[in-house]
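No lab work stands behind these numbers, since they all come straight from the coordinates. Bear in mind that the values here come from a model prediction, so they are computed numbers and not experimental data. Positions of Cβ are backbone-derived with ideal geometry, glycine not excepted, and every protein chain shown enters the neighbour counts.
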Amino acid sequence: MSSTVPSAWIRFLLAHRELVEELDRRLRAAHGLSLREYEVLLALDSAPRRRLRRVDLAQRLVVTQSGVTRLLDGLERDGLVTRAPGEDRRVTYAVLTDAGRRRARAAGATHRGDVDELFTRHLGARDLASLDRILARLPGGAGEGAWR
C-alpha cells in the first residue's frame, strides 16, 4: 500500500468532519435547521408529491427507523413536515408542508453559498472535475441522494 493512501484518507476524514460541522453550525444559526434536518426537507421536496414513506426516507438518508423518527418529530413540531397515512394502515408518509418547502428553499440559498465559500472556492475547475471523477469511482459516489 502506498504511503499516500493513509495520509489521503486521514485528510479526507478530517476535512469532511470539519466541513460538515461548520455547514451544520451555519444552517442552525441562519435557519434553525441542522444539516440532517435540511437533508430531510430536500429529500421530501424532490420526491413525487413532496412525500415519502418513512421507511424509504430512512433508507435514502442512511439512518435507522428511530433516527428518522427523531428527525421527523422535530420537523413536525415546527410545522415543516406532517404525517399522512398510506393506503395500507401499516404505511405512514412524511409530507413536506408549504412552510417546510419555504424553509428548505431559504436554507438552500444559504447552504449553497456556504458550500461555495468553504469548499468550491478552494478548488479550481480542474480540481473539482478531477475530484468528481475520483469520488464517482468510490462506493456510493455515483448517487446524488437528497442533496441539491
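Summing Lys and Arg as +1 and Asp and Glu as -1 over all other residues whose Cβ lies under 13 Å from the Cβ of Thr92 gives a net charge of +1. Taking the charge dipole of the chain about its Cα centre, with +1 at Lys and Arg Cβ atoms and -1 at Asp and Glu Cβ atoms, the residue from Ala129, Leu44, Thr64 reaching farthest to the positive side is Leu44.
Connecting C-alpha atoms closer than 10 Å in a GNM of the chain, tell me which of Arg137, Arg26, Arg103 has the biggest fluctuation. Top of the fluctuation ranking is Arg137.
Rounded to the nearest 20 debye, the dipole size of the chain about its Cα centre is 340 debye, using +1 on the Cβ of Lys and Arg and -1 on the Cβ of Asp and Glu. The simple Förster model, with R0 at 35 Å and r as the Cβ-Cβ distance, assigns Ser7 and Thr69 a FRET efficiency of 0.35. Among Leu118, Leu42, Leu75, the largest mean-square fluctuation in a Gaussian network model of the chain (Cα springs under 10 Å) belongs to Leu118.
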